[in-house]
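Trainee: Once you've had a glance at the structure underneath, I'll fire off some questions.
Every number here is computed from the coordinates shown, using simple stated rules; none is lab data. Please read all numbers here as calculations on a predicted model, not as lab measurements. Positions of Cβ are backbone-derived with ideal geometry, glycine not excepted, and every protein chain shown enters the neighbour counts.
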């Protein structure tokens, strides 16, 4: 949770980690699942703005060569994001 909510700056200037008490306040009022979905959608937007030659964008659209195992195909990360956007009512 400290990584998600980030550090806090003291009044005199230096940065410090949040205490357990400080972490408890935003958690009680926040919907964690919605927060994580928002962050994943924000990360997708960050990757989509990158140049086509950058590695994260190339990996996002990479299709592996060869045969897949039998059965139901695994859900890709991008399919999860599209499903989250539909649930949250976000249009492309």
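Trainee: Just need a number here: residues in the stretch 55-75 that are free of Cβ contacts under 8 Å to residues at least 12 places away in the same chain and surrounded by 11 or more Cβ atoms within 10 Å (Cβ to Cβ).
Mentor: Residues of the stretch 55-75 free of Cβ contacts under 8 Å to residues at least 12 places away in the same chain: 55-59, 61-75.
The next check asks that each one be surrounded by 11 or more Cβ atoms within 10 Å (Cβ to Cβ); those that pass are 56-58.
Of the residues in that region, 3 qualify.
Trainee: Which members of the stretch 63-90 meet the condition of being assigned to a loop (DSSP other than H, G, I, E, B) and closer than 14 Å to residue 44 by Cβ? Walk me through it before giving the result.
Mentor: Keep residues of the stretch 63-90 that are assigned to a loop (DSSP other than H, G, I, E, B), which gives 63-76, 89-90.
If the condition is that a residue be assigned to a loop (DSSP other than H, G, I, E, B) and closer than 14 Å to residue 44 by Cβ, then 76, 90 are the ones that fit.
Trainee: Further question on the same structure: Go through the stretch 7-40 and count every residue that is out of contact with any strand residue (DSSP E or B) (no Cβ under 9 Å at 6 or more places or on another chain) and assigned to a helix (DSSP H, G or I).
Mentor: Looking only at that region, the number is 18.
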